[in-house]
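Asker: Got a structure for you, written out below as structure tokens; questions coming shortly.
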Amino acid sequence: MRKTFGIALLLCALVCGSVTRIDSNSRTEAVPDLGIGASLHGKRVFPANNPWNQDISRAPVDMNSDTLIGSMGAGTGLHPDFGTVYAGAPNGIPYVVVAGTQPRVQIGFTAYGNQSDPGPYPVPTNAPIEGGPNATGDRHVLIIDRDNWKLYEMYRSFPVGGGTSWNADSGAVFDLNSNALRPEGWTSADAAGLPIFPGLVRYDEVFEQHEIRHALRFTAAATRRAYVYPARHFASSNTSQSLPPMGLRVRLKAAVNINGYSPAMQVVLTAMKKYGLILADNGSNWYISGSPDSRWNDDELHTLSGIRGSDFEVVQTPSHLLMPQSDFDGDGRTDVSVFRPSSGNWYTQASSNGALNAQPFGAAGDKPVPGDYDGDGFTDFAVFRDGTWFILQSSDGALRADSFGTGGDVAAAADYDGDGKTDLAVFRQGWWYVRQSSDNGFRATLFGLATDVPASGDFDGDGKADISVFRASSGAWYIRQSSDNALRTQVFGASGDVPVVGDYDGDGKSDLTVFRNATGTWYVFQSQSGTLRALAFGTQADRPVPGDYDGDFKTDIAVFRPSDGRWYVLNSYSNTLSVQLFGTSGDVPVPSAYVP
């Protein structure tokens, strides 16, 4: 049970100092303007680890890339489906920013009410409609409530009674502080079941911030009867594997020379290299979406047609939300970091900019249990002490003191319900106890023996951590898959091996992996190919610290050497070795918090 705030304040005085958020997205506190096409002043929608905001510049190329690109037109030029005015109406998908006090109006759903979020919505009477008030097309209406930080979107929207209420084919509401998706199989105001606003090219980003920090929305003429994460809906009856599914992610190739474009268009093209494009609807091939603005230069925008379909590649991205692994700056990479039990201090180095931070939080004897407990895309400082979890939330600096477990329990925190937040969990004498953050539900499961080692991971790739144990006496793994509740057993390892779960091949599934102290050898059973990888990396005294240090969506093999505080990381993206001095003897390397 959550303790009272007064007790939490007293505890905070004992275990923590002021929290410093190491934010690679440092403009999150900006306040957006109000009005149609208003500037957000750099405030980012959705958490840092949301798929729209993921840096995919190092993601591997999909093996079917050429075929999929060909189906969308390898020789077809990019087309900006936005600008100033077209056919007498603003060209693009407009939006309006309103205050939290904006009156709500009722919405009548005329086509997809069973897949729509009920009203009322804060729609102002002057809400802009895509294509203008007399349009016959999609007639999207997008509203951002800046104070409650919510996004409201409608498709085929028509005002009733001068805007005192509205009718729409469908509507969707998104919490911009959350990574929650639409229910499986649901549409939204977009065919793919995705939000529209985060994929728009906006004037304020290009000319005020000089940077776009998200993926862009695009369309294709022919799509497959399928969708991939983060999409939730398809809009096709064609099952051909040569066609792209909704949610497909493409990236402008790094080798494409963009120097000849204007500075503004380089901003757009750079975003395509770093964040890519997400397929969100049926339409013309290679049409990218943006918001209308009278200040756009249409001729400048249309220089983008020099970019062809063949300049893009389809990338493999995670099949579910990636939980940060000791990622204190929210950039999607593991940060070198240690917990010093003697003082209760945490020391972190942000991978985004090299910034150092010292955070007092904890005491001698505490067990570090880092995780993203508030779902904001940043790892929270957290310790487990005699059955109580102390968590310093990065989103607001608030202290949580939660009683869950007993002093002899083994902490096994992970995201078991797939909501993008780390759940409190402990392993006790073969029993698993989990408190789900999505609904505060409690689960108690007998799975394993008292001598087993908890080794949870997402072995079936469904975005939820699976309950699993490693039996050190026999080298056997026992996994209860969350997707179908099936039991998986496999012998992989030997007596004395240390389980080091991670996604080493980047296929979105955890691989069975052990570190053999006696020889300093890592053994990885790669789930994508079913092949064994063995690598001597480390010594008997080293501490394994697996994590994605280079941001390529693959777990890197790495060790911390307690004798001298050195980190040795084998970067999977470049196959290069990184060596860094960070920490002293007695420190606990944070990425090894859940390694036994």
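Any read-out appearing in this document is the output of simple, stated calculations on the displayed coordinates, not a laboratory observation. This one's a predicted model, so the numbers in the text were calculated from it and none came from an experiment. Please note: Cβ atoms are built from the backbone with ideal geometry, for glycine as well, and neighbour counts cover all protein chains shown.
Asker: Could you check the spin-label model distance between D147 and R385? Points 7 Å from the Cα along Cα→Cβ, value in nm.
Answerer: 3.9 nm
Asker: Still on this structure, I have one more. Once Rh for region 388-526 is found with the Kirkwood sum over Cα pairs, what is the Stokes-Einstein diffusion coefficient at 10 °C and 1.306 mPa s, in µm²/s? Present the calculation step by step, with values, prior to reporting the outcome.
Answerer: On the way: Rh = 15.8 Å.
In µm²/s, the coefficient is 101.
Asker: So, in nm, how far is label A221 from label E208 when the simple model puts each one 7 Å beyond its Cα toward the Cβ?
Answerer: 3.8 nm
Asker: Also: With the cut-off at 1.5 for a/c, could you classify region 185-233 from its C-alpha gyration tensor as rounded, prolate or oblate? Working shown, then result.
Answerer: Working: a/c = 2.95, a/b = 2.38, b/c = 1.24.
Because a/c hits 1.5 or more and a/b exceeds b/c, region 185-233 counts as prolate.
Asker: Now for a separate question. Using every pair of alpha-carbon atoms in region 479-596, split the distances into 10 Å bins beginning at 0 and state the percent of pairs per bin, rounded to integers.
Answerer: Once binned at 10 Å, the Cα pair distances of region 479-596 give 14, 45, 32, 9, 1.
Asker: Label points 7 Å out from Cα along the Cβ direction at T584 and L535: separation in nm?
Answerer: 3.2 nm
Asker: While we're here: Taking 4 °C and 1.567 mPa s as the conditions, I'd like the Stokes-Einstein D for the chain in µm²/s, using the Kirkwood hydrodynamic radius from alpha carbon pairs. Don't jump to the answer; show the numbers that get you there.
Answerer: On the way: Rh = 25.3 Å.
In µm²/s, the coefficient is 51.
Asker: Please list 572-579, 34-41 highest first by mean number of surrounding beta-carbon atoms within 10 Å per residue.
Answerer: Working: 572-579: 12.8, 34-41: 16.6.
Highest to lowest by the protection proxy: 34-41, 572-579.
Asker: Sticking with this one: Run the numbers on region 312-398 and let me know its relative contact order in percent, using alpha-carbon pairs under 8 Å that are six or more apart.
Answerer: Taking the mean separation of contacting Cα pairs over the length of region 312-398, I get 21 percent.
Asker: For the chain, which span is the longest to avoid every loop-located (per DSSP) member of GluC sites (Glu not before Pro) having at most 11 other Cβ atoms inside 10 Å?
Answerer: Working: sites that count: E29, E184.
With a cap of 11 other Cβ atoms within 10 Å, the longest stretch comes to 185-596.
Asker: Using the Cα centre as the reference, give the magnitude of the dipole from point charges on the C-beta atoms of region 490-565 (Lys, Arg: +1; Asp, Glu: -1; all else neutral), rounded to the nearest 20 debye. Don't skip to the answer; put the middle values down first.
Answerer: On the way: 6 positive and 11 negative charges, 60 e Å.
Dipole magnitude for region 490-565 comes out near 280 debye.
Asker: Dipole of region 239-395, Cα-centred, from +1 at each Lys and Arg C-beta and -1 at each Asp and Glu C-beta, to the nearest 20 debye?
Answerer: Working: 11 positive and 17 negative charges, 86 e Å.
That gives region 239-395 a dipole magnitude of about 420 debye.
Asker: Let me ask something else. Within region 517-541, name every residue whose backbone N is under 17 Å away from a label modeled 7 Å from Cα of S574 along the Cβ vector.
Answerer: So the set is empty, nothing qualifies.
Asker: Can you give the longest stretch of the chain with no exposed loop site, where a site means trypsin sites (Lys or Arg not before Pro) in a DSSP loop (not H, G, I, E or B) with at most 14 other C-beta atoms within 10 Å? Walk me through the numbers on the way to the answer.
Answerer: Details: sites that count: R27, R104, R225, K253, R295.
For trypsin sites (Lys or Arg not before Pro) (loop position, at most 14 other Cβ atoms within 10 Å), the longest site-free span of the chain is 296-596.
Asker: For A450 and A355, what does the FRET efficiency come to when R0 = 41 Å and r is the distance between their Cβ atoms, rounded to the nearest 0.05? Could you put the intermediate results ahead of the total?
Answerer: Values: r = 43 Å, r/R0 = 1.05.
Calculated value: 0.40.
Asker: Treating only the Cβ atoms of Lys and Arg (+1) and Asp and Glu (-1) as charged, compute the dipole magnitude of the chain about its Cα centre; round to the nearest 20 debye.
Answerer: On the way: 46 positive and 64 negative charges, 124 e Å.
So the dipole magnitude of the chain works out to roughly 600 debye.
Asker: Give the dimensionless ratio obtained when the Cα radius of gyration of region 310-456 is divided by 2.2 N^0.38 Å. Intermediate values should be presented prior to the final figure.
Answerer: Details: Rg = 16.6 Å, N = 147, 2.2 N^0.38 = 14.7 Å.
Ratio of Cα Rg to 2.2 N^0.38 Å: 1.13.
Asker: Taking the Cα atoms only, what angle lies between the long axis of helix 5-15 and the longest principal axis of the chain, rounded to 10 degrees?
Answerer: 60 degrees
Asker: Quick one: which of K150/K274; K253/K274; K43/K554; K274/K421 span more than 20 angstrom between C-alpha atoms? Provide the component values of the computation, followed by the final result.
Answerer: Details: K150/K274 26 Å; K253/K274 10 Å; K43/K554 29 Å; K274/K421 25 Å.
Check vs 20 Å cut-off fails for K150/K274; K43/K554; K274/K421.
Asker: Once fully extended, how much extra length lies between D298 and N64, figured as 0.36 nm per residue of separation less the alpha-carbon to alpha-carbon distance? If you can, show how the numbers build up before the last one.
Answerer: Details: separation 234, 0.36 × 234 = 84.24 nm, distance 3.45 nm.
Result for the pair: 80.8 nm of gain on full extension.
Asker: Please compute, for the alpha-carbon atoms of region 64-156, the extent along each of the three principal axes and give them in descending order in Å.
Answerer: Largest first, region 64-156 extends 49, 33, 28 Å along its Cα principal axes.
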